[in-house]
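Each remark here refers to the structure printed beneath this line.
Read the figures in this text as sums done on the coordinates, not as results from a lab. It should be emphasised that the depicted structure is a prediction, and the values quoted were computed from it without experimental measurement. Every residue, glycine as well, gets a Cβ built from its backbone with ideal geometry; the counts of neighbours run over all protein chains shown.
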Amino acid sequence: MTGTLASFCGLAIGARELSRDMGTFEILFFRSLVGLIVLLPLALRDRGRALRSATPGLQVVRNAIHFGAQYGWVLAVALMPLAEVFALEFTMPIWAALLAVVFLKKRMTRPRLVALIGGFVGVLVILRPGIAVFNPAAFLVLAAALGFATSVIMTKVLIRADSPITIVFYMALVQMPMGLVPALYEWVPPVWAHLPWILLVGVTAMTAHYTLAQALKLADATVILPIDFLRLPLIALVGFAFYDEALVAWVFAGAALIFGANYYSVWRETRAASAVGAAAAARGER
């Protein structure tokens, strides 16, 4: 999780720095290019089995949605305070729970309903419509969070037949031309000063996914979520120290509401799953 926190913060910093000179499509192209270079040796192992997907069509659709979400997120990083972007991004698990009810036929349980309502109230606290000066770029983050949530739901389908390496490799492979073609219309030739930020964006985009997945394999989500929430104060300090961004109490309060609603939902459902497992084990012993 330390690697995850560092990766997400590094990704935001790299995207912010590149956005001074480059368009969003070009940044996403280099993100995918570096990721593809990093992943190719891994994908070629075991006779290149990871290069073959059982559902290539679904891979393309999933990555088109994910690319759109990435575009909104990177553009928002250039237009909004970093802490506000990260705070609104915490709505992603709430969108995912709602989409799981619609598409995966999951039940709308009480904990999920609490997460949904708490997330909505948290967003209102952050944006304070009618009170604070509204930043339209906030819609970009909320749309990006919805896109990321949709991508997560589709990944749950893909993982039944494809390995994680295959899924991440196709993410870089499919999204690279999606970024390149529109980037050609506003291409800025990169210079040596851009190289560290290009590498930072490309590498951290991969390591964020990998380290978070490994953490979830090693520990329960109720342990992971509080650590993940540290992204907000960390990126807020980065924004304050390097970009003169104010530390806004409303952003932290809204994010705490969103996090608390998410945590309550995960905690209750984890307890319920544990109780079902214990009951099944008891019946087996008898």
Residues W187, W95, sorted so that the one with the fewest Cβ neighbours within 10 Å comes first: W187, W95
Quickly rank 152-165, 230-243, 250-263 as a protection proxy: mean count of other C-beta atoms within 10 Å, highest first. 250-263, 230-243, 152-165
Highest to lowest packing among 107-115, 75-83, scored as the average C-beta count within 10 Å: 75-83, 107-115
Whole number please: convex hull volume per residue, Cα atoms of the chain, in Å³. 149 Å³
With +1 on the Cβ of every Lys and Arg and -1 on the Cβ of every Asp and Glu, and nothing else charged, how large is the dipole of the chain about its Cα centre, in debye rounded to the nearest 20? 1360 debye
What does the helix-only formula give at 222 nm for the chain: each DSSP H stretch with n ≥ 4 adding -39500 (n - 2.57), the total divided by the residues, and the result rounded to the nearest 500 deg cm²/dmol? -27000 deg cm²/dmol
log₁₀ of I(q)/I(0) at q = 0.17, 0.20 Å⁻¹ - region 1-106, Debye sum with one point per alpha carbon: -1.07, -1.24
How long is the gain from R52 to I159 if the chain were fully straight, where each residue apart is worth 0.36 nm and the alpha carbon distance is subtracted? 37.2 nm
Along the charge dipole of region 2-285, pointing to its positive end and built from +1/-1 on Cβ of Lys, Arg, Asp and Glu, which listed residue (M154, A172, A15) has its Cα farthest out? M154
Neighbour-count ranking for I126, I65 (other C-beta within 10 angstrom, fewest to most) reads I65, I126
Relative contact order (%) - the chain, alpha-carbon pairs under 8 angstrom, separation at least six: 40 percent
Assertion target for F90, F139, ordered by fewest C-beta neighbours within 10 angstrom first, is F139, F90
Vicinal HN-Hα couplings computed from phi for region 176-185 (Karplus, 6.51 cos²θ - 1.76 cosθ + 1.60; Hz; Gly/Pro x): 4, x, 4, x, 5, 4, x, 5, 4, 6
